[in-house]
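Student: One structure follows; several queries about it will come next.
The values are calculated or read from the model by the stated rules, or taken from the named source; none is laboratory data. Here the structure is a predicted model, which is why all the values come from computation and not from measurement. Reconstructed Cβ throughout: ideal geometry from the backbone, glycine too, with neighbour counts over all protein chains shown.
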Amino acid sequence: MTRGLRGDWLVAFVAVVETGSFTGAAKRMHRTQSAVSMQIQQLESVAGTALLVRERAGVTPNAAGERLLPHARRAAEALHDAATLFEAPDVASGPLRVGIPEEYSGIELPKLLSHFQRSQPSVELLVQCASSDRLEAAIAQGDLDLGLIVADDKRRRGDALLYDPTWWAMAETLELPTHGPLPLVLFDQACWWRQWALDRVSETKREWRIAYTSDSIAGVAAAIQAGLGIGVLGLSTVPKGVRQVPEALGLPTLPGSHLMLQMTDRDAPGAVEMVRLIRQHFAAHGHYFR
């Protein structure tokens with residue numbers, strides 16, 4: 001029976017999911033790790049089922065936890081609003097450190113950030129645009145208050161905003177060789193998409209050669225667009241003049257990626273409002289949402 005669910009348990013559950021660990025949740029809630037662990041145990045006991053998957057790499061919600069999460073978030077936000085109902089309104093001020101991945105650094109997210117800055121003029125918005133690996137490291141080190149991370153299924157941490165299908169992509173003008181090695185345009189060694197691509201091409205027993213490498217989405221997309229070879233891109237980042245590689249080539253389907261929102265400091269100036277705007281933005285652009 002779940003009639004005995006308590007608000008503080010749900011707050012702890014949301015904190016664990018959003019930080020990806022009991023340690024991070026304890027830091028956010030200003031409690032001990034054992035206290036947070038006890039709250040989760042009590043929640044799971046009353047719910048009658050496990051809600052989290054505990055692994056060395058971090059803590060993620062299981063299927064039951066995913067179902068509970070949106071309700072828990074609404075409850076946590078309602079409790080926060082109620083707690084501050086009679087407080088004197090404060091104007092948020094100070095630095096807010098936000099990380100966004102290069103893939104989503106086009107015009108839409110900068111517009112959102114500009115809107116936030118106009119509505120929160122006393123917040124010093126500090127934005128870092130980099131690869132997801134670097135952003136995730138910055139979050140782990142406490143150098144960012146919140147960040148958007150592109151992740152595969154094994155690395156999902158935080159709040160899922162959208163699912164982005166992955167394409168084998170090529171220029172519309174590119175004529176693929178009928179024999180000989182396939183020319184590949186790949187990310188550098190630091191990107192897990194590179195290994196995805198090489199593993200899948202190897203499955204076909206087709207010869208390949210690396211024609212171009214880059215450490216940035218812009219570099220890979222430009223090389224594919226110029227016809228230097230075929231490569232891997234998220235559907236949302238496919239530029240004009242680029243199409244999906246024909247199925248006749250026999251390349252295996254690639255798994256898509258997930259855009260995750262991770263927040264390390266809910267109390268950072270303007271952090272709650274920024275998260276609200278980000279969630280609202282991606283909910284309204286849900287054509288890749290899953």
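Student: Of the conditions (1) more than 20 Å from residue 268 (Cβ to Cβ); (2) surrounded by 13 or more Cβ atoms within 10 Å (Cβ to Cβ); (3) not β-branched (Val, Ile, Thr); (4) not assigned by TED's automatic domain parsing to the domain that holds residue 273, residue 56 satisfies every one except a single condition; which number is it?
Tutor: Residue 56 satisfies every listed condition except (2).
Student: Something else: Looking at (1) surrounded by fewer than 15 Cβ atoms within 10 Å (Cβ to Cβ); (2) over 23 Å from residue 262 (Cβ atoms); (3) modelled with pLDDT under 80; (4) of a type outside the set (S, T, N, Q), which is the one condition that is false for residue 197?
Tutor: (1) is the only condition that residue 197 fails.
Student: Right, something else. May I ask you to list the residues in segment 78-109 that are under 30 Å from residue 155 (Cβ atoms) and at pLDDT 85 or above?
Tutor: 95, 96, 97, 98, 99, 100, 101
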